[in-house]
Amino acid sequence: MKKSKIKIKVWLCIFITVCFIALYGVFVYRFPQRNITWGVNFSQMQAENLKLDWRKVYLAILEDLGVKNIKLLTQWDWVEGQRGDYYFNDIDWQVRQAEIHNAKIIYVVGMKTGRWPECHVPSWADTISKQDQQDVLLEYITRVVQRYKDSPAIIAWQAENEPLFHFGKCPWYDKEFLKKEVALIKQLDPSRPVIVSDTGDQSLWVDATKIGDILGITMYRKVWVHVTDDFGFYLTYPYPPNFYGIKARIAEALSGKKVIVVEYQAEPWNSEVFYNVPLEEQEKSMNFEQFKLNIAFAKRTGIEQYYLWGGEWWYWLKETQNKPEIWNESRGLFGAGD
């Protein structure tokens with residue numbers, strides 16, 4: 001009886017100690033600040049949604065901001081609007097400009113590649129079976145990788161965007177098919193790593209880490225939470241910087257794979273796509289002060305590579321709203337302000 005009580009006390013002490021260490025690590029310990037490699041996501045579709053000349057936006061990101069790391073979002077439905085008829089002219093130009101400006105690209109390829117509605121299935125593929133959709137998607141991926149694998153600007157491929165996270169308007173989610181996509185890309189281009197991304201806030205990252213060569217996480221700080229059609233609210237995620245840093249260290253230690261942030265909030269998240277709401281409403285979730293807070297937050301996570309999400313919006317603010325503050329502030333991140 002006494003031995004049982006002793007064992008209970010020992011396990012209780014161990015449990016309390018583990019909890020204390022965990023709480024200390026998350027809420028008290030601070031990772032030393034390190035130099036961060038900053039990049040930007042770019043979407044031609046998003047620039048056009050903001051009624052901008054997407055080429056001017058892209059060149060301004062490369063030349064005025066001095067960005068050297070771009071995550072390039074491309075849409076299957078834009079490239080293959082007709083089955084078997086591929087339109088690569090615009091992407092050719094984007095890749096070529098990156099080469100000219102000595103910029104490096106993470107190329108996102110697949111069905112779910114980011115920007116609402118997240119999944120970009122061509123209309124001609126809407127009515128075919130899931131198996132047929134997957135077959136033609138693999139054909140599309142093959143065309144893309146074969147076309148751009150010889151470009152010195154491409155440093156990595158990203159297979160889909162948060163492919164295991166059920167967000168957006170998507171016909172299906174399929175972990176086994178994701179493995180096929182990654183295997184195909186690696187077969188076509190063995191020299192470059194394949195990134196698989198996952199939500200930074202709502203996942204333990206286990207499956208994404210196993211499937212890809214690099215884990216890319218997404219990270220948001222202030223978002224609109226949709227409760228009902230008539231009710232929602234803005235939420236600032238309560239997680240401290242160490243929440244992400246410790247998760248990243250654990251994932252890297254267990255898998256031996258690098259963790260980077262491939263999508264970091266630097267634009268609004270509103271009750272609907274932000275370009276359909278007034279600027280006053282947009283700025284409830286992202287403004288100049290929030291931008292600076294997000295940058296400071298990133299520096300305390302201990303994660304060393306971030307791709308900011310929102311460059312098209314910064315340009316829109318500067319060019320159409322006479323609000324250049326975020327654009328000018330970001331110039332310093334990329335070296336253009338030195």
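Throughout, read-outs are computed from the coordinates displayed, never taken from laboratory work. It should be emphasised that the depicted structure is a prediction, and the values quoted were computed from it without experimental measurement. No Cβ is skipped: glycine too gets one built from the backbone with ideal geometry, and neighbour counts run over all protein chains shown.
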Which of the aspartates and glutamates could a cross-linker span from Lys149 if the Cα-Cα distance has to be under 15 Å and same-chain partners fewer than 8 positions apart are dropped?
-> Asp92, Glu99, Asp189
With each pseudo-label sitting 7 Å past Cα toward Cβ, what's the Tyr237-Asp92 distance in nm, one decimal?
-> 3.9
Taking the simple approach of a point 7 Å from Cα along Cα-to-Cβ for both Lys292 and Asn102, what is their distance in nm?
-> 3.2
At the level of C-alpha centres, the distance separating the range 95-135 and the range 226-265, in angstrom, is 24
Alpha-carbon gyration tensor eigenvalues x 5, square-rooted, for the range 283-338, Å = 20, 14, 9
What's the angle, to the nearest 10 degrees (0 to 90), between helix 311-320's Cα axis and the longest principal axis of the chain?
-> 60
DSSP bridge orientation in the chain - percent antiparallel, rounded to nearest 5 = 20
proj_area_mean for the range 106-253 (convex hull on C-alpha atoms), units nm², value 10.6
Gain upon complete extension [Thr228, Asp64; 0.36 nm per residue less C-alpha separation] | 54.8 nm
Would you kindly state how much longer the chain becomes between Lys56 and Ile155 on full extension, computed as 0.36 nm times their sequence separation minus their alpha carbon distance, in nm to one decimal?
-> 33.3 nm
Using only Cα atoms, find the angle between the long axis of helix 175-188 and the longest principal axis of the chain, and express it within 0 to 90 degrees, rounded to the nearest 10.
-> 60
For the chain, what does -39500 (n - 2.57) per DSSP helix run (n ≥ 4), summed and divided by total residues, give at 222 nm, in deg cm²/dmol to the nearest 500?
-> -13500 deg cm²/dmol
Return Trp54, Trp316 ranked ascending by Cβ neighbour count within 10 Å, so the fewest neighbours appear first.
-> Trp54, Trp316
Quote the relative contact order of the chain in percent (integer), defining contacts as alpha-carbon pairs under 8 Å separated by 6+ residues.
-> 21
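Residues with beta-carbon under 14 Å from that of Lys180, excluding Lys180: net charge, scoring Lys, Arg +1 and Asp, Glu -1?
Result for the local shell: -2.
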For the chain, the longest principal axis of the Cα atoms and the Cα long axis of helix 288-299 enclose an angle in degrees, to the nearest 10, of 60
Please work out the FRET efficiency for the pair Tyr173 and Trp78, using the Cβ-Cβ distance as r and a Förster radius of 25 Å; give the result to the nearest 0.05.
-> 0.70
